[in-house]
1. Examine region 135-146 for a residue that is touching a helix residue (DSSP H, G or I) at 6+ places or on another chain (Cβ under 9 Å), surrounded by 15 or more Cβ atoms within 10 Å (Cβ to Cβ) and not in a helix (DSSP H, G or I), and state whether such a residue exists.
2. Among the residues of region 117-139, is there at least one that is more than 23 Å from residue 71 (Cα to Cα) and over 16 Å from the mean Cα position of the chain (by Cα)?
3. What tally of residues in region 140-167 results from selecting those that are farther than 24 Å from residue 125 by Cα and hydrophobic (A, V, I, L, M, F, W, C)?
4. Could you tell me which of the residues 66, 74, 160, 128 is within 15 Å of residue 31 (Cβ to Cβ), in contact with a Pro (Cβ under 8 Å, 6 or more places away or on another chain) and of a type in the set (Ser, Thr, Tyr)?
5. From 104, 129, 88, 116, which residue is over 27 Å from residue 55 (Cα atoms) and crowded, with 21+ Cβ neighbours inside 10 Å?
6. In region 147-170, what count of residues is obtained for those that are assigned to a loop (DSSP other than H, G, I, E, B), open to solvent by less than 10 Å² (accessible area, probe 1.4 Å) and among the polar types (S, T, N, Q)?
7. Pick out the one residue from 90, 76 that is of a type outside the set (A, V, I, L, M) and over 20 Å from residue 147 (Cα atoms).
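The values are calculated or read from the model by the stated rules, or taken from the named source; none is laboratory data. Just so it is clear, the model here is predicted, and its values are computed rather than measured. We place every Cβ from the backbone using ideal geometry, glycine too, and count neighbours over all the protein chains shown. When the accessible area is computed, the model is the full protein with side chains, heavy atoms only, and any ligands, DNA or RNA have been set aside. Shrake-Rupley method; radii C 1.70, N 1.55, O 1.52, S 1.80 Å.
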Amino acid sequence: DEDVDSEHYQRARKASTMTQNGADANTTTILHEMLSSGDRMTVRLRRYLLLILGPAASGKTTLLKTFMVEMVHTFPDFVPVLMPVIEVIPVLEERDRDAGESVVVAFVQRKYPQHVHILLQMILMRRTVFLFDGIDESGTYREVVEEFITIELLEQGHKTIITSRHSGFS
């Protein structure tokens, strides 16, 4: 976790900006590996997790948004669902654990009420990619957040991209 004002960090940030076109090509390659198969009509049940780790202000969220844009343009049969931790925590606080309410369903109903039916259908068809931003920002909810991601997303075979600082991920 290097200081953002350090000379080394500033050089790395500048180099990253200068190679943006190369980074775009890499996002396409990564998404192609994650989302493509020989038969595009086949529902892909293969599990896949991409973890993006880096220090503060290193471009993790920007890269996540680049994945979203690239996905919309290159893989229109998949829907990216952005889930910032700071917006998931209130859902975790309010959900009814005894009723076994899904955090994903509660989040989609709260965040995207106008698109809830199509999003739920895409989730059931495994045509969504969950973009979970800032797991390191979960604070006292860290264990609950990690449990939710593991049980509702990864164990169910949903494609998931997670960003975190190195220090915030176990």
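1. The answer is no; no qualifying residue exists.
2. Our first condition is that a residue be more than 23 Å from residue 71 (Cα to Cα); within region 117-139, this holds for 136-139.
Now restrict to residues that are over 16 Å from the mean Cα position of the chain (by Cα): 139.
There is at least one residue in region 117-139 that is more than 23 Å from residue 71 (Cα to Cα) and over 16 Å from the mean Cα position of the chain (by Cα).
3. 1
4. Only one candidate passes the filter, namely 128.
5. On the way: 129 fails: over 27 Å from residue 55 (Cα atoms); 88 fails: over 27 Å from residue 55 (Cα atoms); 116 fails: crowded, with 21+ Cβ neighbours inside 10 Å.
From the options 104, 129, 88, 116, the qualifying one is 104.
6. Here the count works out to 0.
7. Selected residue: 76, the only one of 90, 76 that is of a type outside the set (A, V, I, L, M) and over 20 Å from residue 147 (Cα atoms).
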